Amino acid sequence: MAILYSFLVIAVLGLILGIGLSIADKKLKVEKDEKLLMLEEAMPGANCGGCGYAGCSAYAEAVFKGEAPAGLCAPGGEALAKKMGEILGIAVEVKEREVAYVHCKGNPGITVQEYEYKGISDCNAAALLLGGPNACKEGCLHLGSCIAVCPVGAISKDSEGNVVVDKEKCIGCKKCTTVCPNGVIKMIPYSAKYVVACNNHENGAKVRAVCQAGCIGCKICQVKVPDSPFVVENFLSHVDYSKSQETAGQAFELCPRKCIEKR
């Protein structure tokens, strides 16, 4: 009898609490603005965080409140930016899509190896051991941490063992740039035709000693080419994509180390 009484008490309390919660939900429920709902529905649902917000819903809300511009979603691209502008009735400036690029072609057959690494296949783990097995301490470690975090399978290894990014698949979430311990992966414009495939900032003599494909900072790409978009800083060349790329092909042909890659 006592057990039955206890059961009835619990059941009644549960019923009362359930009714109370139902009433509270109706009374306290905050109705979302129709435009906010439309923004959320328009989002790609990748929740990659590349926009700087926790997820698609958080970003949609920030745009709705005027706290963020509408062109930050890389997976959604230009089409989503325009759609968000239409929903909010505002003009949207769409920036060119950016994709990840691995600034290194120094695979194990090209770069001097200081020791044989036998640890777990993780770049950050290898970097803890004397900066990794590569004599070049600023290059790609080729252990695939970026491959593991890419949500769309855009990163892989080519036939020579270099880590490469498929720009058609890349959604620009920047997860690979964050996980790389040497900062080898950077974002570049989707339309980029030429890229310097090196990340080593040491002087030419040191680069020659550790890698057959590294940039030696000779400045030929900068000084021998009219209106060159290439700039050499701290012994390393890079492309200034704000400049015209018309003469970049000349620099590509003149580079003595062939560290400029044509895409």
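The values are calculated or read from the model by the stated rules, or taken from the named source; none is laboratory data. Only a predicted model underlies this, so the values are computations on that prediction, with no experimental measurement involved. Positions of Cβ are generated from backbone atoms using ideal geometry, with glycine treated the same way; all protein chains shown enter the neighbour counts. Ligands, DNA and RNA are excluded from the accessible area calculation, which covers all protein heavy atoms including side chains. Shrake-Rupley method; radii C 1.70, N 1.55, O 1.52, S 1.80 Å.
Taking all protein chains as present, what is the carbon and sulfur share of the accessible area of the chain, in % to the nearest whole number, probe 1.4 Å?
Looking at the chain in its full context, I get 57 percent from C and S.
Go ahead and run the numbers for FRET between Asn124 and Asp240, Cβ-Cβ distance against an R0 of 35 Å, rounding to 0.05.
The computed FRET efficiency comes out at 0.70.
Just Ile90, Ile16, Ile120 to compare: in a GNM of the chain, with alpha carbon springs under 10 Å, which one fluctuates most?
Between Ile90, Ile16, Ile120, it is Ile16 that shows the largest mean-square fluctuation.
State the extension gain, in nm to one decimal, for the chain segment bounded by Glu67 and Glu233, taking 0.36 nm per residue of separation less the distance between their alpha-carbons.
The span from Glu67 to Glu233 would gain 56.2 nm if fully extended.
For each pair in Lys219/Lys258; Lys193/Lys219; Lys82/Lys175; Lys137/Lys169; Lys105/Lys157, compute the distance between the two Cα atoms and list the pairs where it is over 21 Å.
Lys82/Lys175; Lys137/Lys169
Sort Ile110, Ile19 by heavy-atom solvent-accessible area, probe 1.4 angstrom, most to least.
Ile19, Ile110
Taking 7 Å along the Cα-to-C-beta vector as the label spot, tell me the Ala79-Lys219 distance in nanometres, rounded to one decimal.
4.8
Segment 97-158 to segment 199-249: how many Å between their Cα centroids?
Using only Cα atoms to place each centre, the spacing works out to 22 Å.
Once you order the gyration tensor axes a ≥ b ≥ c over the Cα atoms, which shape class does segment 205-245 get: rounded for a/c under 1.5, otherwise prolate or oblate by comparing a/b with b/c?
Here segment 205-245 falls in the prolate category.
List the residue ranges in the chain for DSSP H helices whose C-alpha atoms run 18 angstrom or more along the long axis and whose Kyte-Doolittle average is 0.5 or above.
2-28
Please compute P(r) over all alpha-carbon pairs of the chain, binned at 10 Å starting from zero, and give each bin as a whole-number percent.
7, 23, 23, 18, 12, 7, 5, 3, 1, 0
Work out the charge dipole of the chain with +1 on the Cβ of Lys and Arg and -1 on the Cβ of Asp and Glu about the Cα centre, then indicate which of Gly153, Pro108, Ile10 is farthest towards its positive end.
Pro108
So for Met84, Met187, what's the accessible-area order with a 1.4 Å probe, most first?
From most accessible down to least: Met187, Met84.
Taking 0.36 nm per intervening residue step and subtracting the Cα-Cα distance, what contour gain separates Glu253 from Val94 on full extension?
Full extension of this stretch gives 53.9 nm more.
With a cut-off of 20 Å, note down the residues of segment 67-94 whose backbone N falls inside the zone around a label point 7 Å from the Cα of Leu37 toward its beta carbon.
Only 83-89 fall inside the zone, counting backbone N under 20 Å.
What Rg and what Dmax come out for segment 65-109 when only alpha-carbon atoms are used, in angstroms?
Reported Rg and Dmax, both Å: 16.1, 55.
Tell me, what is a quarter of the convex hull surface for the C-alpha atoms of segment 70-143, in nm² with one decimal?
For the Cα atoms of segment 70-143, the hull's average projected area reads 7.1 nm².
Where the eigenvalues come from the Cα gyration tensor of segment 114-263, what are the semi-axes √(5λ) of the equivalent ellipsoid, largest first, in whole Å?
That gives 27, 20, 12 Å for the three semi-axes.
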